[in-house]
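The values are calculated or read from the model by the stated rules, or taken from the named source; none is laboratory data. It should be emphasised that the depicted structure is a prediction, and the values quoted were computed from it without experimental measurement. Every residue, glycine as well, gets a Cβ built from its backbone with ideal geometry; the counts of neighbours run over all protein chains shown. Just the protein is used for accessible areas: all its heavy atoms, side chains included, with ligands, DNA and RNA removed. Shrake-Rupley method; radii C 1.70, N 1.55, O 1.52, S 1.80 Å.
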Amino acid sequence: MTGSTPYDPYPRHGGHREPEPPPRRVAAGRLWAAGAATAAVAALAAVVTTLLVRGVLGIPVSAPQRAGAWGDATTGHLAAIAACGALAATALLHLLLVTTPRPRRFFTWIVALATAAAMLLPFTTGIATASKFGTAVVALVTGLAVVSLLSAAVPSVAGDRDRFRA
């Protein structure tokens, strides 16, 4: 077989290569503004859900029943944890936007799994069953707020809208 060369699926030179995609542009200021707003919503979602579960349903969440509908200082801690989680999710989204293909899909999966872990965590403790479910509901509502708000912000903070679809 004179004149023919074996097929090289990975040519080192002279072969056709896909051009590198241009660097992604992320409006970091807008992303972090959305993250701050999401942190406020997450904190309020945690407080409102805790108020619903504790005050309306009478299930003690993050405080003993005698602490009342608003609970005690742990309710504030729960709101602070929710806000910090939203800011951590914003940092994760920023990282994914500049480093991965389909960043919104990865983000949604990561936050959904973190929310599932937060929902399952109370079931590994010795608290009452009703409190386990109440705490899981607070985690679910907070996680849904974070993932939905930050995922919705992606098209407005990413330079090329078509490249950031789910």
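Protection proxy ranking of 42-50, 84-92, by the mean of other Cβ atoms within 10 Å over each peptide's residues and highest first, is 42-50, 84-92. Take PHE123: with every protein chain present and a 1.4 Å probe, its accessible area is about 80 Å².
To the nearest 10, the accessible area of ARG105 is 120 Å² with a 1.4 Å probe.
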